[in-house]
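Here's the structure we're looking at; comments come further down.
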Amino acid sequence: MHIRPEVFDDRAAVYAVTHAAFAGIDPMVEPEEVGLLQNLFECEDYDSRFSLVALDDSVVIGHVIATWGRINGEPMLGLGPLAVAPEYQHRGVGSILMQSIHDRAEAESLSAIVLLGAPSYYRRFGYEPAGARGITPSDASWGEHFMVRVFDEAKLPRGAYQYAKPFGV
Ligand SMILES: CC(C)(COP(=O)(O)OP(=O)(O)OC[C@H]1O[C@@H](n2cnc3c(N)ncnc32)[C@H](O)[C@@H]1OP(=O)(O)O)[C@@H](O)C(=O)NCCC(=O)NCCS
């Protein structure tokens with residue numbers, strides 16, 4: 001398996017993986033994450049350096065994306081969606097995608113990444129409740145699910161986080 005930045009020709013496979021990973025009871029119903037991804041790829045806050053695919057040979061088996069949101073006008077990445085094809089889950093693919101996007105963020109000297117997700121999953125990657133670091137979500141009901149992974153505390157901005165527009169929050 002290897003990880004590389006997503007290119008345009010990967011997108012059909014990325015949508016398929018995301019659809020399968022987030023599918024509900026009826027697999028014919030498109031999960032909202034697929035539409036979100038389509039809009040993220042088109043938006044001005046998309047940055048191809050932070051959209052990564054995991055490949056088994058040449059087959060896309062996982063994807064993670066982070067797009068530019070803002071705190072008081074200062075850019076900060078917001079991560080999601082993260083998806084691994086169901087038949088490849090529980091083999092560490094999600095962890096490798098997370099590590100890879102963090103490595104790239106650190107290489108670019110970014111201060112932090114935020115996300116909305118399950119604390120039980122994301123804590124292992126160093127995420128902590130964003131509120132404790134002075135970063136507040138646009139929806140207070142997110143509570144402890146709104147998390148931050150700090151890379152450089154000295155540069156960390158404080159304030160209300162605004163996601164890229166396609167998130168609609
Ligand atoms: C979450 C997801 C990306 C993890 O990918 P993965 O390749 O299976 O992850 P890893 O193999 O690195 O880690 C697996 C571990 O993560 C944990 N885990 C997986 N999904 C979890 C969840 N929803 N909540 C809490 N922990 C979870 C389990 O402890 C699992 O351990 P196990 O394999 O011993 O059961 C994948 O399950 C997925 O695509 N799920 C559907 C989409 C989704 O929920 N995405 C994340 C929200 S944006």
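Observations on the structure shown:
- The fraction of all Cα pairs in the chain landing in successive 10 Å bins from 0 to the largest distance is 10, 40, 38, 11, 1, given as whole percents.
- MRE, 222 nm, helices only [DSSP H, n ≥ 4, -39500 (n - 2.57), over the chain, to nearest 500]: -7500 deg cm²/dmol
- Of all DSSP bridge pairs formed entirely within the chain, close to 85 percent run antiparallel.
- For the chain, the solvent-accessible area with a 1.4 angstrom probe is 50 square angstrom per residue.
- Environment charge of R104, counting only residues whose C-beta is closer than 12 Å and scoring Lys/Arg +1, Asp/Glu -1: -2
- Among the GluC sites (Glu not before Pro) within region 7-83, those in coil by DSSP and having at most 13 neighbouring Cβ atoms inside 10 Å are E44.
- For region 1-137: relative contact order, % (alpha-carbon pairs under 8 angstrom, 6 or more apart): 22
- Fraction of accessible area attributable to carbon and sulfur, the chain (%, probe 1.4 Å): 51
- Amide H contacts under 5 Å for I61, placed H, 5+ residues apart: A54, L55, D56
- Two-site FRET efficiency, A160 against D57, from Cβ-Cβ distance with R₀ of 35 Å, rounded to 0.05: 0.20
- Restricting region 77-169 to GluC sites (Glu not before Pro) that sit in a DSSP loop and have at most 15 other Cβ atoms within 10 Å of their own Cβ leaves E108.
- The residues neighbouring N72, those whose beta-carbon lies less than 14 Å from its own, together hold a net charge of +2 under the Lys/Arg +1, Asp/Glu -1 convention.
The values are calculated or read from the model by the stated rules, or taken from the named source; none is laboratory data. Values in this document were obtained by computation on a predicted structure and should not be read as measured data. Because the Cβ atoms are built from the backbone with ideal geometry, glycine has one as well, and the counts that use them run over all protein chains shown. What goes into the accessible areas is simple: the full protein's heavy atoms, side chains included, and nothing from ligands, DNA or RNA. Shrake-Rupley method; radii C 1.70, N 1.55, O 1.52, S 1.80 Å.
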